[in-house]
Amino acid sequence: MNLPALILAAGRGERMRPLSDHTPKPLLAVQGKPLIEWHLEALARDGVREVVINTAWLEEQLPAALGDGARWGLTLRYSLEGRDHGGALETAGGIAKALPLLGDAFWVVAGDIYTPEFRFDAAIAQRFAAGGASAHLWMKPNPPHHPQGDFAIDADGRAALAGTPRYTWASIGLYRAAMFRDIAAGTKAALRPHLDAAIGRRRITAELYTGPWTDVGTPERLAELNRVRSVG
């Protein structure tokens, strides 16, 4: 049995303009289907059954496009930050608002990454839920647009603020709800300070992922993904 998942889909997508002016970034087409559908298919394949999507920018388009999740064998629920709070709450604030829909441990994945071969492994999720870490993060070798990386991984398999080599956080992780319970629902809060604090306490584990992965953050990266498909 796998854990529930939260897909982060609330952001404005400023770097993706003008494409995101009229379409939420997770609904932009990548290789023939909306980017977010790659996640929904993967989550369903790997045994996740409960998925929450947080929304703010053009948020009415997401439930209209995705419905209740039945077509993937999922139950989809929506955490409506725009309706309830007037706009996106940033990553940690969005997670905090969605906690009543998620339980004590859960997956979180950004809605604007493309990683078609990533496995939302139920065995890893259950080991995390039974363990003591506050979060488990997946890292990537640094892409050209982020050469400095975010975190190191120490010899004990824990995320580290210092050390080499440094890797880029892949925007995929397992989290414990207790990490966000100090954030009042409706409060804007960035995730990085919470990660840094927990890493400083050696409470976050990490591993390297070497499969295909793209941060679909700009029109140029989106076009390149779709060009690769058309050429192939």
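From the set of residues in region 177-187 that are over 17 Å from the mean Cα position of the chain (by Cα) and touching a residue at least 12 places away in the same chain (Cβ under 8 Å), which is surrounded by the most Cβ atoms within 10 Å (Cβ to Cβ)?
Looking at residues that are over 17 Å from the mean Cα position of the chain (by Cα) and touching a residue at least 12 places away in the same chain (Cβ under 8 Å), I get Ile183.
Looking at Arg119, Arg77, Arg83, Arg127, can you tell me which residue is more than 17 Å from the chain's Cα centre (by Cα) and within 21 Å of Asp46 (Cβ to Cβ)?
Step by step, each of Arg119, Arg77, Arg83, Arg127 is checked, and only Arg127 is more than 17 Å from the chain's Cα centre (by Cα) and within 21 Å of Asp46 (Cβ to Cβ).
Only one of these conditions is not met by Asp182: (1) over 16 Å from Phe128 (Cβ atoms); (2) among the acidic types (Asp, Glu); (3) in a strand (DSSP E or B). Which number is it?
Against the list (1) over 16 Å from Phe128 (Cβ atoms); (2) among the acidic types (Asp, Glu); (3) in a strand (DSSP E or B), Asp182 comes up short only on (3).
Answer with yes or no whether Gln61 is on the phi > 0 side of the Ramachandran plot and over 16 Å from the mean Cα position of the chain (by Cα).
Spelling it out, it is not the case that Gln61 is on the phi > 0 side of the Ramachandran plot and over 16 Å from the mean Cα position of the chain (by Cα).
Which one is nearest to Arg77 (Cα to Cα), of the residues in region 25-57 that are assigned to a loop (DSSP other than H, G, I, E, B) and modelled with pLDDT of 95 or more?
Arg49
Looking for something in a helix (DSSP H, G or I), under 18 Å from Phe106 (Cβ atoms), open to solvent by less than 30 Å² (accessible area, probe 1.4 Å) and hydrophobic (A, V, I, L, M, F, W, C) - is there at least one such residue anywhere in region 73-81?
Taking every residue of region 73-81 in turn, none turns out to be in a helix (DSSP H, G or I), under 18 Å from Phe106 (Cβ atoms), open to solvent by less than 30 Å² (accessible area, probe 1.4 Å) and hydrophobic (A, V, I, L, M, F, W, C).
Within region 147-167, identify whether any single residue is among the aliphatic types (A, V, I, L, M), open to solvent by 60 Å² or more (accessible area, probe 1.4 Å) and without any contact (Cβ under 8 Å) to a residue 12 or more places away in the chain, and answer yes or no.
yes
Among the candidates Gly132, Gly87, Gly94, which residue alone is of a type outside the set (A, V, I, L, M), part of a helix (DSSP H, G or I) and out of contact with any Pro (no Cβ under 8 Å at 6 or more places or on another chain)?
Step by step, each of Gly132, Gly87, Gly94 is checked, and only Gly94 is of a type outside the set (A, V, I, L, M), part of a helix (DSSP H, G or I) and out of contact with any Pro (no Cβ under 8 Å at 6 or more places or on another chain).
In region 144-160, how many are in a loop (DSSP other than H, G, I, E, B) and in contact with a Phe, Trp or Tyr (Cβ under 8 Å, 6 or more places away or on another chain)?
So the count comes out to 2.
When the residues of region 188-225 are narrowed to those that are in contact with a strand residue (DSSP E or B) (Cβ under 7 Å, 6 or more places away or on another chain) and more than 26 Å from Leu89 (Cα to Cα), which ends up surrounded by the fewest Cβ atoms within 10 Å (Cβ to Cβ)?
That would be Leu208.
Can you find a residue in region 52-66 that is open to solvent by 20 Å² or more (accessible area, probe 1.4 Å), within 24 Å of His136 (Cβ to Cβ) and in contact with a helix residue (DSSP H, G or I) (Cβ under 8 Å, 6 or more places away or on another chain)?
Looking for residues that are open to solvent by 20 Å² or more (accessible area, probe 1.4 Å), within 24 Å of His136 (Cβ to Cβ) and in contact with a helix residue (DSSP H, G or I) (Cβ under 8 Å, 6 or more places away or on another chain), one finds none in region 52-66, hence no.
Any idea which residue in region 3-46 is farthest from the chain's Cα centre (by Cα), counting only those that are open to solvent by less than 30 Å² (accessible area, probe 1.4 Å) and of a type in the set (Gly, Ala, Ser)?
If we take residues in region 3-46 being open to solvent by less than 30 Å² (accessible area, probe 1.4 Å) and of a type in the set (Gly, Ala, Ser), then Ser20 is farthest from the chain's Cα centre (by Cα).
The values are calculated or read from the model by the stated rules, or taken from the named source; none is laboratory data. Just so it is clear, the model here is predicted, and its values are computed rather than measured. Here Cβ is always computed from backbone atoms with ideal geometry, including for glycine, and neighbour counts include all displayed protein chains. Ligands, DNA and RNA are excluded from the accessible area calculation, which covers all protein heavy atoms including side chains. Shrake-Rupley method; radii C 1.70, N 1.55, O 1.52, S 1.80 Å.
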